[in-house]
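Peer 1: Take a look at the following structure, please.
The values are calculated or read from the model by the stated rules, or taken from the named source; none is laboratory data. Small disclaimer: the values here were computed from a predicted structure and weren't measured. All Cβ positions, glycine included, derive from the backbone under ideal geometry; neighbour counts span all protein chains shown.
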Amino acid sequence: MDAPMNEKLLKYSLLSRLLVFTLQVVFNILIPDHNADVFNPPYDQSKDNPLDTCVHYILGGFIRWDGVYFLHVAEHGYIYENSLAFFPLFPWCVRILANSLCLPMQFVMQYRTVLIVSGFIFNFYIFLKTTNVLYRLSKSILKSESLAYKAALLFCFNPASIFMSAFYSEILFAYLTFYSMLKFEERKRNHSVMLSSLSCLSRSNGLLTAGFELHKRCQNIVIHLLYSKKDFISKISLILTEILKVMIYLILILLPFLIYQFYISDLFCNQSGKWKIPEFLIQYGRQRSYNLVNETNFDWCKNRIPFAYSHVQNTHWNVGFLRYYEFRQIPNFILALPVSVLSVSSVIYYYRHNRRRCLTLGLIPEKDIKDSEKNGFMNKRMLPYIAYLLFITVFGWFFIHIQVLTRMVFSSSPVVYWYAAIVISTDHHAKHIKTSYKKHSKTHITDEIIKELYILHSKNEFNMERIGHIEEIYAEQDNFMDNPEDWKIEVIECIKGRRLYSFKKKYQKEIDASDENLYDDVDRSELLETIPLFQDMNPKDYIEKEMSLKEIYLKI
């Protein structure tokens, strides 16, 4: 089923990029550029040939505002102090592409032009990859192929789409962020941390992705405190282990950001006069009163810990609490209203259906099996994503340039796509499941037995990544409700398979030795939230319960 969906999404991704490209060309030709008196360093136009002119004519609309800064950094590096707010990963990627695959172009075009083409190709490719990653992430979280498809489709035509083709870092950041979230859901922590680290080199708000790992570790600590049957010393040891893990993960995520800050401080504070700058850029910087790398009197260099980022944001970009609240900025606040309404609506919608979980921050397992088995937008795994979106929205309204909020939200949070997918669905996901379930009320008891069979089997190896075929079947909620008998046959065939018995064979010695040994490797938060009715069951009883349920089913 994935292959046809992926093909459809690829077609729509290509279509959306073609549409954005066409609109950019048309409006760039028809509408004259506004003279905003912003950063626009000169280059030697006398060396332009017809190919350079053609590229600037076709792709010139993508090199505006922040795109000028990124292009300047890709071509010349960090020369002006105000450019330090633009993180290096995207310019580096473009530069690498220009000096490798696009190297032959340098023989027929200026290097600046090759960088523009490379940036367009890079963002084009990354956009296609991001669409696929978002689809996979959505399917993993929502457990609905239909909603996942709609969410990915909405991403292709989102309001910030132009920034994802322009010479901006938005699409690279979206790719790294969504991919990090996907690996987090797949429990591939090392991959997730690595991708989060790279996102911090793309945009500063990549630091917020550390919150997912922090929340998970806090959840584990609470589980150990409330439910572990170990002695006090063992509990403390487990808690300290969780704290150590989260500290290591946070350091790894922050490390690239800190390395970048160290590089900048070394470049501007310790290597003054060593940087060779083209004369025309020096003259431009002096005309604009920019601080150049060769100047020595940088205020932030005098600090005990020279930290350029906060200084540049405060001094050059006027970023700070309520600093953007001016009458002349009212149009920009109006511009940010649609995405703000969408974000707040999704947060309120989730809170209304999950008040207890929100009030406990999702740290305490839910003992109500109905709550713990919620799927779609309501499931327990959504909470960190909701908190992430809420923080971005609130922070955007009070601290940053408000017009940036739209592209920041749409490149950072998958929740807006998930909520919008639910809103536009002809059948509300939760309502549809409820209605379909009532339709098959005669098989209610049997369905509950099968659901217990699935739950027990999916936990019997204590590894959520290896559930396999049953996980895929169970994820198709709509198909299950429409064809309960077919679903039961599939499940029971899987349960008859060798994995059920390989579990018993693998752990029989441990079970005989100690009833509680297996709990060392159990993800208690997942176990308790999914099957609270069995939370006190030891491994022996666990297997017996599974086998008895199987026998009950075979008699029905």
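Peer 1: Mind telling me which of the residues K129, K183 ends up being surrounded by fewer than 19 Cβ atoms within 10 Å (Cβ to Cβ) and closer than 30 Å to Y263 by Cβ?
Peer 2: Values: K183 fails: surrounded by fewer than 19 Cβ atoms within 10 Å (Cβ to Cβ).
From the options K129, K183, the qualifying one is K129.
Peer 1: Select from the stretch 345-367 the residues that are farther than 18 Å from Q219 by Cα, surrounded by fewer than 20 Cβ atoms within 10 Å (Cβ to Cβ) and over 18 Å from the mean Cα position of the chain (by Cα) and write down the one among them that is modelled with the lowest pLDDT.
Peer 2: So in the stretch 345-367, the residues farther than 18 Å from Q219 by Cα come out as 345-353.
Next cut, surrounded by fewer than 20 Cβ atoms within 10 Å (Cβ to Cβ) only: 345, 347-349, 351-353.
Then keep just the ones that are over 18 Å from the mean Cα position of the chain (by Cα); that gives 345, 348-349, 351-353.
On the way: S345: 95, I348: 95, Y349: 92, Y351: 93, R352: 90, H353: 86.
Out of the qualifying residues, it is H353.
Peer 1: If F39 passes every condition in (1) at pLDDT below 90; (2) closer than 30 Å to Q261 by Cβ; (3) assigned to a helix (DSSP H, G or I) but one, which one does it miss?
Peer 2: (3)
Peer 1: Determine, yes or no, whether V94 is within 26 Å of the chain's Cα centre (by Cα), at pLDDT 95 or above and either part of a loop (DSSP other than H, G, I, E, B) or buried (at least 20 other Cβ atoms within 10 Å of the Cβ) (or both).
Peer 2: On the way: within 26 Å of the chain's Cα centre (by Cα): yes; at pLDDT 95 or above: yes; either part of a loop (DSSP other than H, G, I, E, B) or buried (at least 20 other Cβ atoms within 10 Å of the Cβ) (or both): yes.
The answer is yes for V94.
Peer 1: For S100, state whether it is surrounded by fewer than 20 Cβ atoms within 10 Å (Cβ to Cβ), of a type in the set (G, A, S), more than 30 Å from F298 (Cβ to Cβ) and touching an Asp or Glu at 6+ places or on another chain (Cβ under 7 Å).
Peer 2: Values: surrounded by fewer than 20 Cβ atoms within 10 Å (Cβ to Cβ): yes; of a type in the set (G, A, S): yes; more than 30 Å from F298 (Cβ to Cβ): yes; touching an Asp or Glu at 6+ places or on another chain (Cβ under 7 Å): no.
Spelling it out, it is not the case that S100 is surrounded by fewer than 20 Cβ atoms within 10 Å (Cβ to Cβ), of a type in the set (G, A, S), more than 30 Å from F298 (Cβ to Cβ) and touching an Asp or Glu at 6+ places or on another chain (Cβ under 7 Å).
Peer 1: Oh, and also: Evaluate the stretch 26-36: report whether one residue or more is surrounded by fewer than 17 Cβ atoms within 10 Å (Cβ to Cβ), closer than 27 Å to P278 by Cα, out of contact with any Leu (no Cβ under 9 Å at 6 or more places or on another chain) and not acidic (D, E).
Peer 2: yes
Peer 1: Check whether at least one residue in the stretch 269-290 is at pLDDT below 85 and crowded, with 18+ Cβ neighbours inside 10 Å, and report yes or no.
Peer 2: Among the residues of the stretch 269-290, not one is at pLDDT below 85 and crowded, with 18+ Cβ neighbours inside 10 Å, which makes the answer no.
Peer 1: Exactly one of (1) buried (at least 18 other Cβ atoms within 10 Å of the Cβ); (2) at pLDDT below 85; (3) polar (S, T, N, Q) is unmet by S228. Its number?
Peer 2: (1)
Peer 1: If you don't mind, another one. Tally the residues that are hydroxyl-bearing (S, T, Y), within 25 Å of P384 (Cα to Cα) and modelled with pLDDT under 90, restricting the search to the stretch 231-262.
Peer 2: Step one: filter the stretch 231-262 for residues hydroxyl-bearing (S, T, Y), giving 234, 237, 241, 249, 260.
Subsequent filtering for residues that are within 25 Å of P384 (Cα to Cα) retains 241, 249.
Remaining after also requiring modelled with pLDDT under 90: 241.
Qualifying residue count, the stretch 231-262: 1.
Peer 1: Further question on the same structure: Determine whether F87 is in contact (Cβ under 8 Å) with a residue 12 or more places away in the chain, under 27 Å from S204 (Cβ atoms) and not in a helix (DSSP H, G or I).
Peer 2: Values: in contact (Cβ under 8 Å) with a residue 12 or more places away in the chain: yes; under 27 Å from S204 (Cβ atoms): yes; not in a helix (DSSP H, G or I): yes.
In short, yes.
Peer 1: Name the residue, out of L134, L182, that is within 28 Å of A98 (Cα to Cα) and either touching a strand residue (DSSP E or B) at 6+ places or on another chain (Cβ under 6 Å) or of a type in the set (A, V, I, L, M, F, W, C) (or both).
Peer 2: L134
Peer 1: When you look at A152, is it crowded, with 23+ Cβ neighbours inside 10 Å, aliphatic (A, V, I, L, M) and in a helix (DSSP H, G or I), yes or no? Give the steps one after another, and end with the answer.
Peer 2: On the way: crowded, with 23+ Cβ neighbours inside 10 Å: yes; aliphatic (A, V, I, L, M): yes; in a helix (DSSP H, G or I): yes.
The answer is yes for A152.
Peer 1: Additional query: Could you tell me whether S169 is under 19 Å from the mean Cα position of the chain (by Cα), free of Cβ contacts under 8 Å to residues at least 60 places away in the same chain, crowded, with 23+ Cβ neighbours inside 10 Å and closer than 30 Å to L128 by Cα?
Peer 2: On the way: under 19 Å from the mean Cα position of the chain (by Cα): yes; free of Cβ contacts under 8 Å to residues at least 60 places away in the same chain: no; crowded, with 23+ Cβ neighbours inside 10 Å: yes; closer than 30 Å to L128 by Cα: yes.
Answer is no for this residue.
Peer 1: Can you name the condition, by its number, that Y263 falls short on among (1) within 30 Å of L383 (Cβ to Cβ); (2) aromatic (F, W, Y); (3) surrounded by fewer than 17 Cβ atoms within 10 Å (Cβ to Cβ)?
Peer 2: (1)
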